[in-house]
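What follows is a single structure, written as structure tokens, with notes after it.
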Amino acid sequence: MAEDYGSSALTLTEIEGDDWGDAPVEGTYLVRTCTALRHVPLRDFGPEDLRIMIGQRISLPILVPMALTVLADDPDAAGDFGPRDLLRAVCAVPESYWADRPHEAARLARIRRATLG
């Protein structure tokens, strides 16, 4: 079972040992946001932060379990696009990710059944 970093003071940069540097001033909003989020303690991530990073397929083994914990408590967790946008982002994670993580896939299936019927 993957470790849940949801209450961690560590950042993605610290956990993965991969520093992307500072967010580029000339980068797009998405590039600046994703780069900056790598320096944010995981305990400070909200649904929108998770949605953005998961949508970009960044650090999925760390962030998907966190998102599943959020969704188990609030399947309608909203980011900037409204209710259930975190759920939509997690549901769009490629099948190849879930294939090696049956426990997480089962968690998502339970959340979907409870939410979507």
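So here's what we get for this one:
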read-out: Test: Arg38 is of a type in the set (Lys, Arg), under 20 Å from Leu10 (Cβ atoms) and at pLDDT 95 or above; value: yes
read-out: Elements of type helices (runs of 4 or more DSSP H) contained in segment 42-117, each with 3 or more residues being exposed (fewer than 13 other Cβ atoms within 10 Å of the Cβ); value: 95-99, 102-116
read-out: Where a residue in segment 5-29 is without any contact (Cβ under 8 Å) to a residue 24 or more places away in the chain and its partner, wherever it lies, is among the hydroxyl-bearing types (Ser, Thr, Tyr) and open to solvent by 30 Å² or more (accessible area, probe 1.4 Å), with Cβ under 8 Å and at least six apart; value: none
read-out: Residues that are open to solvent by 40 Å² or more (accessible area, probe 1.4 Å) and out of contact with any Ser or Thr (no Cβ under 6 Å at 6 or more places or on another chain), drawn from segment 18-39; value: Asp18, Asp22, Val25, Glu26, Thr28, Tyr29, Leu30, Val31, Arg32, Ala36
read-out: Selection from segment 32-41 of residues that are in a loop (DSSP other than H, G, I, E, B) and hydrophobic (A, V, I, L, M, F, W, C); value: Val40
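Each row is one residue, and each column tells you yes or no for (1) free of Cβ contacts under 8 Å to residues at least 60 places away in the same chain; (2) over 27 Å from Val31 (Cβ atoms).
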position	(1), (2)
Pro65	no, no
Leu68	yes, no
Phe81	yes, no
Val90	yes, no
Ala109	yes, yes
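The values are calculated or read from the model by the stated rules, or taken from the named source; none is laboratory data. Note that the structure is a prediction, hence the values are computed from the model and not measured. In this analysis, Cβ positions are derived from the backbone assuming ideal geometry, glycine residues included, and neighbour counts consider all displayed protein chains. Accessible surface is based on the protein model in full, side chains and every heavy atom, while ligands, DNA and RNA are left aside. Shrake-Rupley method; radii C 1.70, N 1.55, O 1.52, S 1.80 Å.
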